[in-house]
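S.K.: The structure's right below; bear with me while I get my questions together.
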Amino acid sequence: MAREEISGVRIAESELIINDDGSAFHIHIRPDELADNVILVGDPGRVDMVADYLEDKEFRHQSREFVSVTGRYKGKRVTVLSTGIGTDNIDIVMNELDALANIDFSTREVKREKKSLNILRIGTSGAIQPDVPLGSFVFSHISIGCDGLLNWYADRDAIALADFEAAFKEHTGWNRHLPDPYFVRAGKRMSALFADCTVPGMTVSASGFYGPQGRVLRMPLAMPDMLETFESFSFGGYRITNFEMEGSAIAGIAAHLGHNAGTVCAIIAHRYLKSSNPDYKPVVRSLIELSLDRLSTL
């Protein structure tokens, strides 16, 4: 059934699991507790770092790696939610956030009037370009999904950048055993919000921290020259700037469902220069302050 035809169809209990308190199954947030502006962080411990800036905090929920707080920043209501690591968790989080906004939990039917959330992931990342310095902020204007998640959904090609994908696979000699990569743009409004204060990025979302990001410990890689090949790729005025592990699924699912989403990361490691900044919390705090200020204008 096409997405525009779903309204009015009851969603079964097995497909949308609602807790006894009326909250979404995994993230334990109720529809009335969700703000229109949402900040996603990977680390559950980082939720309180963001929440320190909020006033009038309404609750703090925790279930597994999903910790959430809703409060106000400069009068604007904000929900902060941790996702844990990986695009598999993002599949859970993004679908449940959309359900909270656009499905009536009492009737289990999709609402006729849809709400578009502003969803920003604040993360940390490793740069692969020599001129992207430690401590800088990269906004992912384009996310490259090397995780394969979006390929499980219909109409994937309607939101993906086919010309980028074709050029990327040709340039890298993409290994046939790896998931088909997808390229997706961030939300236009979110991109514009950070255009003057961040490095414009094309970011790889990897399905792991070691092999999928070119790290070698005891197992050799299927693409031994991956870092050099990624670093040398450019297309449409963009080059690959950094690695992280969640942004592609956020951008892809948001594009499908009509949300304004993006990812901004503090660079705390440099793969090209083989350096890192272990004392990165002040940089992350600065990025949180910047992000809250920008979101408060929406």
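S.K.: By the scheme Lys and Arg +1, Asp and Glu -1, what is the net charge of all other residues having a beta-carbon under 12 Å from that of residue 70?
M.R.: Values: positive: 30, 57, 60, 72, 76, 77; negative: 32, 33, 36, 55, 56, 58.
So the environment of residue 70 carries a net charge of 0.
S.K.: To continue, here is another question. Which lysines have a Cα lying under 19 Å from the Cα of residue 76, excluding residues fewer than 8 positions away in the same chain?
M.R.: In chain and number order, the partners are 57, 115.
S.K.: Moving to a separate point now. Which of the following values of Kirkwood radius over Cα pairs in Å was calculated from the structure shown: (i) 19.6; (ii) 18.6; (iii) 21.7?
M.R.: The listed entry that was calculated here is (i).
S.K.: Okay, next question. Ranked by accessible surface with a 1.4 Å probe, highest first, in what order do 15, 33 come?
M.R.: Values: 15 140, 33 15 Å².
From most accessible down to least: 15, 33.
S.K.: Among 16, 150, 100, which one shows the biggest mean-square fluctuation in a GNM of the chain, springs joining Cα atoms closer than 10 Å?
M.R.: Its mean-square fluctuation being the largest, the pick is 16.
S.K.: Taking a label point 7 Å from the Cα of residue 188 along the Cα→Cβ vector, which residues of the range 80-102 have an amide N closer than 11 Å to it?
M.R.: Within reach of a label on residue 188: no residues.
S.K.: Moving on. Classify the range 247-298: rounded, prolate or oblate, from the alpha-carbon gyration tensor (a ≥ b ≥ c, eigenvalue square roots; a/c under 1.5 rounded; otherwise prolate if a/b is larger than b/c)? Could the numbers behind the result be given before it?
M.R.: Working: a/c = 4.31, a/b = 1.50, b/c = 2.88.
Oblate, because a/c is 1.5 or more while a/b does not exceed b/c.
S.K.: Please give the FRET efficiency for residue 113 paired with residue 171, using the beta carbon to beta carbon distance and R0 = 41 Å, rounded to the nearest 0.05.
M.R.: Values: r = 44 Å, r/R0 = 1.06.
Plugging the Cβ-Cβ distance into 1/(1 + (r/R0)^6) gives 0.40.
S.K.: List the chymotrypsin sites (Phe, Trp or Tyr not before Pro) within the range 209-256 that DSSP assigns to loop and that have no more than 14 neighbouring Cβ atoms inside 10 Å.
M.R.: Values: sites: 209, 210, 230, 233, 235, 238, 243; in loops: 209, 210, 233.
Within the range 209-256, the qualifying chymotrypsin sites (Phe, Trp or Tyr not before Pro) (loop, at most 14 other Cβ atoms within 10 Å) are 209, 210.
S.K.: Starting from the residue with the highest accessible area, list 48, 98, 20 in decreasing order, probe 1.4 Å. Working shown, then result.
M.R.: Working: 48 60, 98 25, 20 170 Å².
Of 48, 98, 20, the descending order of accessible area is 20, 48, 98.
S.K.: Next question, about the same structure. Probe radius 1.4 Å, ligands and nucleic acids ignored: give me the carbon and sulfur share of the accessible area of the range 174-262 as a rounded percent.
M.R.: Details: 2330 of 4090 Å².
In the range 174-262, the share of accessible area belonging to carbon and sulfur is 57 percent.
S.K.: Once you charge only the Cβ atoms, +1 for Lys and Arg and -1 for Asp and Glu, what is the size of the charge dipole of the chain about its Cα centre, to the nearest 20 debye?
M.R.: Numbers: 31 positive and 40 negative charges, 101 e Å.
It works out to roughly 480 debye.
S.K.: Next question, about the same structure. Where in the chain are the helices, taken as whole DSSP H runs, whose Cα atoms extend 18 angstrom or more along the long axis and whose Kyte-Doolittle mean reaches at least -0.5?
M.R.: Working: long enough: 87-102 (22 Å, 0.07); 281-295 (21 Å, 0.33).
Taking the DSSP H segments of the chain (at least 18 Å long, mean hydropathy at least -0.5), we get 87-102, 281-295.
S.K.: Related question: Taking only protein heavy atoms into account and a 1.4 Å probe, give the accessible area per residue of the chain in Å². Intermediate values should be presented prior to the final figure.
M.R.: Details: 13730 Å² over 298 residues.
Per-residue accessible area for the chain comes out at 46 Å².
The values are calculated or read from the model by the stated rules, or taken from the named source; none is laboratory data. Bear in mind that the values here come from a model prediction, so they are computed numbers and not experimental data. Cβ sites come from the backbone with ideal geometry, for glycine too, and all protein chains shown count toward neighbours. Protein only, heavy atoms only, side chains kept; ligands, DNA and RNA dropped before computing areas. Shrake-Rupley method; radii C 1.70, N 1.55, O 1.52, S 1.80 Å.
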